[in-house]
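The values are calculated or read from the model by the stated rules, or taken from the named source; none is laboratory data. A quick note: this is a predicted structure, and the numbers were derived from the prediction, not measured. For neighbour counting, all protein chains shown are included, and Cβ atoms are generated from backbone atoms with ideal geometry for every residue, glycine included.
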Amino acid sequence: MIDVDAYLAVLGAARPAAPTAEALWALHRAQVERVSYENLDIHLGPPTGIGAEESVARIIRGRGGYCFHLNGAFAALLTALGYDVTLHKAGVQGEVEDPDGPGGDHLALTVLLDGERWLVDTGLAGGMHDPLPLREGSYTQGPFTYAMAPSVAVPGGWRFTHDPRGSFTAMVFAPEPVELSSFAPKHDWLSTSPESGFVRVATAQRRDAKGVDVLRGRVLRRIHGEGTDERIVDSPEDWYDVLADVFRLNLAEFDASARAELWQRVHAAHREWEAAEQRVAP
């Protein structure tokens, strides 16, 4: 069982009297605005599990996670509130759809509401602010325009295409329901393999109605309707202030030595990135 009231308190949301569309939209917006996409546990210590109860407890403590944590927790919350939620095997992809279908590096959610199914996804880094209908079309949310279309590789599946300024191109998901536990092997790979982008780069991202904040290593970006603002975070004090103030993350459980070690890793990775950029510069 999850602590629904404590979860709703984090979201700043009242318990809905019924599983309505209005309440779903409010909960989705609150989750993406108040619970950041982040992978700091991969860099700070042993990776966490992806069980829904564990992920909800993390959120209540003031932490976030990536798709398996965020959508796993959100699915548990919606189910507890009476929504008809389905978990789907999904995958983040490029401009050309993978003929082999989704690789399982993403967990997608749909909700059946008033006879129509909606994509409800709070685990796409800098992704949707509101749910999207499973109907082919173009959809504008704040400064971003998304597209939804049937998958060309997966019968009954769907392809969500992000705005070109996003941190990924597209996401495809299969129609069949799956269990959260089925993502455990992929989570283990993503959180431990040297080839995983999550292992290589510490990140935090947070969506709101007007744009998205993105921290990758020491590079902080704000993507909004007028463009992109960017700066390099120069000190560990500033870096941890950004995590607390911009991304609403409570890292009190990590002591000074753990914080110092993480900053050193982030700083070293940034220097390697700068060196690589200089090598490819004309």
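Which condition breaks for residue 100 when tested against (1) in a helix (DSSP H, G or I); (2) closer than 26 Å to residue 163 by Cα; (3) of a type in the set (D, E, K, R)?
(1)
Under 9 Å between Cβ atoms, which residue pairs at least 6 apart in sequence (or on different chains) link something in the stretch 5-29 that is touching a residue at least 60 places away in the same chain (Cβ under 8 Å) with a partner that is assigned to a loop (DSSP other than H, G, I, E, B) and of a type in the set (Ser, Thr, Tyr)?
Partner pairs satisfying both residue conditions: 19/83; 24/83; 28/122.
Looking only at residues in the stretch 178-201 that are of a type in the set (Ser, Thr, Tyr) and under 15 Å from residue 54 (Cβ atoms), which one is surrounded by the fewest Cβ atoms within 10 Å (Cβ to Cβ)?
181
Can you find even one residue in the stretch 108-126 that is modelled with pLDDT of 95 or more, out of contact with any Phe, Trp or Tyr (no Cβ under 8 Å at 6 or more places or on another chain), β-branched (Val, Ile, Thr) and closer than 21 Å to residue 155 by Cβ?
There is no residue in the stretch 108-126 that is modelled with pLDDT of 95 or more, out of contact with any Phe, Trp or Tyr (no Cβ under 8 Å at 6 or more places or on another chain), β-branched (Val, Ile, Thr) and closer than 21 Å to residue 155 by Cβ.
Does the stretch 104-112 contain any residue that is of a type in the set (D, E, K, R) and under 21 Å from residue 166 (Cα atoms)?
Scanning the stretch 104-112, I find at least one residue that is of a type in the set (D, E, K, R) and under 21 Å from residue 166 (Cα atoms), so the answer is yes.
Which one of the conditions (1) without any contact (Cβ under 8 Å) to a residue 60 or more places away in the chain; (2) of a type in the set (S, T, N, Q); (3) surrounded by fewer than 17 Cβ atoms within 10 Å (Cβ to Cβ) does residue 151 fail to meet, given that it meets all the rest?
With (1) without any contact (Cβ under 8 Å) to a residue 60 or more places away in the chain; (2) of a type in the set (S, T, N, Q); (3) surrounded by fewer than 17 Cβ atoms within 10 Å (Cβ to Cβ) applied to residue 151, the lone miss is (3).
If you take the residues in the stretch 222-256 that are hydrophobic (A, V, I, L, M, F, W, C) and in contact with a Phe, Trp or Tyr (Cβ under 8 Å, 6 or more places away or on another chain), which one is surrounded by the fewest Cβ atoms within 10 Å (Cβ to Cβ)?
Among residues in the stretch 222-256 that are hydrophobic (A, V, I, L, M, F, W, C) and in contact with a Phe, Trp or Tyr (Cβ under 8 Å, 6 or more places away or on another chain), the one surrounded by the fewest Cβ atoms within 10 Å (Cβ to Cβ) is 251.
So, in the stretch 161-179, exactly how many residues are β-branched (Val, Ile, Thr) and part of a strand (DSSP E or B)? Show your work before the answer.
First pass over the stretch 161-179, keeping only residues β-branched (Val, Ile, Thr): 161, 169, 172, 178.
If we keep only those that are part of a strand (DSSP E or B) as well, we get 161, 172.
Total satisfying the criteria: 2.
For the stretch 53-67, which residues satisfy the criterion of being within 15 Å of the chain's Cα centre (by Cα) and either closer than 17 Å to residue 186 by Cα or not small (Gly, Ala, Ser) (or both)?
55, 56, 58, 59, 63, 65, 66, 67
So which residues in the stretch 55-70 are under 17 Å from residue 203 (Cβ atoms) and part of a helix (DSSP H, G or I), if there are any at all?
Once the filter is applied, which keeps residues that are under 17 Å from residue 203 (Cβ atoms) and part of a helix (DSSP H, G or I), the stretch 55-70 yields 58, 67, 68, 69, 70.
Is there a residue in the stretch 155-176 that is more than 18 Å from the chain's Cα centre (by Cα), surrounded by fewer than 21 Cβ atoms within 10 Å (Cβ to Cβ) and over 26 Å from residue 55 (Cβ atoms)?
yes
May I ask you to verify whether residue 18 is surrounded by fewer than 17 Cβ atoms within 10 Å (Cβ to Cβ) and of a type in the set (A, V, I, L, M, F, W, C)?
yes
Name the residues in the stretch 23-70 that are basic (Lys, Arg) and under 23 Å from residue 82 (Cβ atoms), would you? Even if it seems obvious, please write down each step before you answer.
Just the residues of the stretch 23-70 that are basic (Lys, Arg), to begin with: 29, 34, 58, 61, 63.
Scanning the stretch 23-70 gives 29, 34.
Can you tell me which residue in the stretch 182-216 is nearest to residue 168 (Cα to Cα), limited to those that are touching a Phe, Trp or Tyr at 6+ places or on another chain (Cβ under 7 Å) and of a type in the set (S, T, N, Q)?
Applying the filter and picking the extreme gives 205.
Would you be able to tell me the number of residues in the stretch 216-258 that are without any contact (Cβ under 8 Å) to a residue 40 or more places away in the chain, in a helix (DSSP H, G or I) and over 22 Å from the mean Cα position of the chain (by Cα)?
5
Residues being without any contact (Cβ under 8 Å) to a residue 40 or more places away in the chain, within 16 Å of residue 22 (Cα to Cα) and assigned to a loop (DSSP other than H, G, I, E, B): count how many of those fall in the stretch 114-143.
1
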